[in-house]
Amino acid sequence: MHITRLSHLVAAIAVVLFTVVSISTARAQSTIGVAAVVNDAPISVVDLVERIKLVAASSNIPMNTQRSQEMAPQILQQLINEKLQLQEAERRGFDVTDADIDRAKNLIEQNSGLPPGGLDQFLAQNGIATETIRNQIRPQIAWQKLLGSMRREIQISDTEIDDNLERIRSNQGKPRNNVQEIFLPVDNPQDETKVYQNAREVVRALEQGANFGGLARQFSASSSAANGGNLGWLYSGEMAGELQQAVNQMQPGDVSDPIRTIRGYYILKLLDRRRGDANALTDVRLDLYQLFVPIAANTPQDEVNTKLGILQNAKENADSCQSLANVAVDLGSEMSGKTEGISPNDLAGPVRNAVANLDKGGISDLIKVDGGALLVMVCDKTEESTLPDRENIRERLEMERLEILARRKLRELRRNAFIDIRM
């Protein structure tokens, strides 16, 4: 790989960022020139500037001259990687159609909560050429098609799945963490310092208010990038040891410093944490009916006894939630009613304890609360395993293996390519 005059390129970008919006793309191409050549295919400075603007807008990064200079080398490297990926996919016969790109744009809109056509409107509002997003999507789709052909090379054994399930079971009583990730690979030892500096720059951007999901989509080399880096809920033990150790020390909302693993640098964000239950191999959901009788603090004792008697009579005679609902109508109890699909963990302490051992159709003892008393009946109870099924585990292990193959392939492409960074 031949790399020259990068400092001149970075300096030029600072000028282009504040002039390109006011001139046409064609004029900018001829005036500014080429930022890099990848196997005889050019990447223009305008391409680089537009991508910087896209990263800034999608990640909520305030852009200025210094920030553009700091981000430019990393974003240019991403453009070079995309060019290599697209070239290899096309060489292997994988084409990307306009329909492929349109479907990807629709998916981005859905995941971002944008209406149909909202992505193009977002680009226009931020002064970004529409073709910029298409130029980013095209190599991503091409590369995924190529990787799909490599997937048949991956074999996951039943023993690997069994070991993974057993590790999850053994960690059942430990907290579950909802985590986002940004992964920056270190494919060559000589890139160590550069990748670490890039990781530090990402962390600084996050500290200054950048959107984690936006940066993950733009920079992360993990398959989770398409989902904004979101890994979902993970049991303790599902992450590599150094990553798990970092998450264990974090609080919801925290972002980690760059974490070095054998593959590269990870930046993690802990979104939420749920406390574990050693016996909770199932996720329990309840449909409940609450019959509430208000009792004011100054209510005479004989009236209190009457109201409690109504609840006791309902407990002895009600054979369904509808029976309790009928009693509520007769009493005019507006605070009575049904709650569906609630986790026992989300119930108030006295109610949670009262229904803890009840099955469907079971009714609690009288529960005295501030302002009155109530009965709770379990209208329905569903239990689903919280453990991933074998196919989900196989899918995750295949994706992990595929990411390793993908990085190895990209490293090979870079090693064999002619890459000239120039002005």
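Observations on the structure shown:
- Comparing Gln69, Gln290, Gln77 in a Gaussian network model of the chain (Cα springs below 10 Å), the most mobile by mean-square fluctuation is Gln290.
- Residues whose placed amide H lies under 5 Å from that of Asn230, excluding near-sequence neighbours: Glu181
- Area of Glu90 that stays accessible when all protein chains are in place (1.4 Å probe, Å², to 10): 100 Å²
- Ser222 long-range amide H proximity, modeled H, under 5 Å: Phe183
- The stretch 326-423: C-alpha gyration tensor shape, a/c 1.5 cut-off, then a/b vs b/c: prolate
- Whole-Hz ³J(HN,Hα) from phi, Karplus 6.51 cos²θ - 1.76 cosθ + 1.60, for the stretch 203-211, glycine and proline x: 4, 4, 4, 5, 5, 9, x, 5, 7
- Between Asp389, Asp158, Asp359, the Gaussian network model of the chain with springs among Cα atoms under 10 angstrom shows the greatest mean-square fluctuation at Asp359.
- C-alpha center-to-center spacing [the stretch 358-423, the stretch 95-174] in angstrom: 17 Å
- Compared with the alpha-carbon gap, the fully stretched path from Asn298 to Asn188 is longer by 31.9 nm at 0.36 nm per residue.
- Computed extension gain for Asp100 through Lys145, at 0.36 nm per residue and net of the alpha carbon distance, reaches 15.1 nm.
- Averaged per residue, the chain has 51 square angstrom of accessible surface, using a 1.4 angstrom probe with ligands and nucleic acids left out.
- Within-13-Å neighbourhood charge of Gly372 [Cβ basis; K, R +1; D, E -1]: -1
- On the stretch 264-423, 45 percent of the accessible area sits on carbon and sulfur atoms, based on a 1.4 Å probe.
- At the residue level, Thr132 shows approximately 10 square angstrom of accessible surface with a 1.4 angstrom probe and all protein chains present.
- Most mobile listed residue (Ala56, Ala318, Ala104) in the chain, GNM with C-alpha springs under 10 Å: Ala318
- Residue ranking by accessible heavy-atom surface, 1.4 Å probe, largest first, among Asp302, Asp272 comes out as Asp302, Asp272.
- A simple spin-label model places pseudo-atoms 7 Å from Cα toward Cβ; at Asn227 and Glu395 they are separated by 0.8 nm.
- Solvent exposure of Asp162, expressed as accessible area, is near 70 Å², computed with a probe of 1.4 Å over the protein chains only.
- Calculated mean residue ellipticity, 222 nm, the chain: -16500 deg cm²/dmol, from DSSP H runs (n ≥ 4) at -39500 (n - 2.57) each, averaged per residue and rounded to 500.
- Here the Karplus curve 6.51 cos²θ - 1.76 cosθ + 1.60, taken at θ = phi - 60°, turns the phi angles of the stretch 155-161 into couplings of 10, 10, 7, 4, 5, 4, 5 Hz, with x standing for Gly and Pro.
- Integer Hz, Karplus 6.51/-1.76/1.60 couplings in order for the stretch 126-139, x for Gly and Pro: 9, x, 10, 4, 4, 5, 4, 5, 5, 5, 7, 5, 4, x
- Three-way shape call for the stretch 161-303 based on the alpha-carbon gyration tensor, with the a/c threshold at 1.5: prolate
- Whether the chain is rounded, prolate or oblate, judged on the alpha carbon gyration tensor where a/c under 1.5 counts as rounded: prolate
The values are calculated or read from the model by the stated rules, or taken from the named source; none is laboratory data. A quick note: this is a predicted structure, and the numbers were derived from the prediction, not measured. When we count neighbours, we look across all protein chains shown, and the Cβ atoms used for this are built from the backbone with ideal geometry, even at glycine. Heads up: the accessible areas ignore ligands, DNA and RNA and are worked out on the full protein's heavy atoms, side chains in. Shrake-Rupley method; radii C 1.70, N 1.55, O 1.52, S 1.80 Å.
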